[in-house]
Amino acid sequence: MEIKKISVIGGGTMGNGIAHIFAMKGFSVNLVEMNSDLLDKAFSTISNNLERQVKKELISQSEKKEILNRITRIIRVENTPVDSDLVIEAIYENKEAKQKIFGALEGIIKKDSIFASNTSSISITELSANCRAENFIGMHFMNPVPVMKLVEIIRGYSTSDATFNTIKELSKKLEKTPVEVYDYPGFISNRILMPMINEAIFALFENVASAEDIDTVMKLGMNHPMGPLTLADFIGLDVCLSIMEVLYKGFNDSKYRPCPLLKKMVAANKLGRKSGEGFFKYE
């Protein structure tokens, strides 16, 4: 199957990045949000990010205009175009919310199209339980999407080889590096990354060292470009907690227990960069 028309559900950090990269590579993109305010915000973010690429001389002003013209703004999921070849869901990490969207889309989108979720941890098999399971797959992009090269391609229990191969080749057209992953909680990236972040939070919780010093150890001692607590703030502490809870429940193993400090900070709405404060404060 040749993929030409893409619909992206959700215009947040991941959704607008996914729309950005597909439009940049010449695809026709529908960006779907709940209301016009959210759509305008997403479109503005894409435009600003493209402008940065113009300033770096990666694209021209005329190319920026062409890219933006490839993106159509759609209000409400039920208005997603029927002829979408690929629908990528990129909303927040909540299984029931994602299943509701795919349930609604199942009766709208043509039957031979592919459904994909950008979930960072939730089971692809469970998300596809009530819709086209053979044509359902995980496409876990990394943030920021236009920059990061990796795409985890996650096979659900029933994902067909044809679906997998189509998405693998599509990822290459985006100049991404696809990695095949089977459907276990957290996949590969977050199964390894999140427990490391969680352990850094435990170290802070237990007063082993300050947040600054924990990050310094990992940057200078392990050559990480960003410390784990800074990275947690960048990801969002609510997202980190959600993923740790998926790992904890999915594996039923105490080594994935979310740190009490992480839970307390999320309850206090100290979510990191997006709230202005997490382990560090932001202007």
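The values are calculated or read from the model by the stated rules, or taken from the named source; none is laboratory data. If you're wondering where the values come from, they're calculated on a predicted model, not measured in any experiment. Heads up, the Cβs are rebuilt from the backbone with ideal geometry, glycines too, and the neighbour counts pull from every protein chain shown.
Hey, can you tell me all the residues within region 170-189 that are touching a Pro at 6+ places or on another chain (Cβ under 8 Å) and either surrounded by fewer than 17 Cβ atoms within 10 Å (Cβ to Cβ) or free of Cβ contacts under 8 Å to residues at least 24 places away in the same chain (or both)?
Lys172
If Tyr157 satisfies all but one of (1) under 17 Å from the mean Cα position of the chain (by Cα); (2) at pLDDT 95 or above; (3) not hydrophobic (A, V, I, L, M, F, W, C); (4) not in a helix (DSSP H, G or I), what's the number of the condition it fails?
(1)
Can you tell me how many residues within region 2-61 are over 26 Å from Ile167 (Cβ atoms), among the small types (Gly, Ala, Ser) and touching a Leu at 6+ places or on another chain (Cβ under 9 Å)?
Summing the residues that are over 26 Å from Ile167 (Cβ atoms), among the small types (Gly, Ala, Ser) and touching a Leu at 6+ places or on another chain (Cβ under 9 Å) in region 2-61 gives 1.
Of the residues that make up region 50-60, is at least one of a type in the set (Lys, Arg), closer than 27 Å to Phe234 by Cα and part of a helix (DSSP H, G or I)?
yes
Just need a number here: residues in region 123-162 that are in contact (Cβ under 8 Å) with a residue 60 or more places away in the chain, over 21 Å from Gly15 (Cβ atoms) and crowded, with 23+ Cβ neighbours inside 10 Å.
0
Go through region 250-264 and report how many residues are free of Cβ contacts under 8 Å to residues at least 60 places away in the same chain, outside any loop (DSSP other than H, G, I, E, B) and of a type outside the set (Ser, Thr, Tyr).
Final tally of qualifying residues: 3.
What number goes with the only condition from (1) free of Cβ contacts under 8 Å to residues at least 12 places away in the same chain; (2) touching a Pro at 6+ places or on another chain (Cβ under 8 Å); (3) polar (S, T, N, Q) that Asn165 does not pass?
Of (1) free of Cβ contacts under 8 Å to residues at least 12 places away in the same chain; (2) touching a Pro at 6+ places or on another chain (Cβ under 8 Å); (3) polar (S, T, N, Q), only one is false for Asn165: (2).
Restricting attention to region 121-154, which residues are in contact with a Phe, Trp or Tyr (Cβ under 6 Å, 6 or more places away or on another chain), of a type in the set (Val, Ile, Thr) and assigned to a strand (DSSP E or B)?
If the condition is that a residue be in contact with a Phe, Trp or Tyr (Cβ under 6 Å, 6 or more places away or on another chain), of a type in the set (Val, Ile, Thr) and assigned to a strand (DSSP E or B), then Val151, Ile154 are the ones that fit.
Filtering region 203-237 down to residues that are of a type in the set (Asp, Glu) and surrounded by fewer than 20 Cβ atoms within 10 Å (Cβ to Cβ), which residue is farthest from Lys274 (Cα to Cα)?
For region 203-237, the residue satisfying everything is Glu206.
Checking Ile192 against (1) in a helix (DSSP H, G or I); (2) touching a residue at least 40 places away in the same chain (Cβ under 8 Å), which test does it fail?
Tallying (1) in a helix (DSSP H, G or I); (2) touching a residue at least 40 places away in the same chain (Cβ under 8 Å), Ile192 fails exactly one: (2).
Just to be sure I understand the filter: pairs with C-beta atoms under 6 Å, separated by 6 or more residues or on different chains, first member in region 1-27 and at positive phi, second member of a type in the set (Gly, Ala, Ser). Which pairs pass?
Gly10/Ala90
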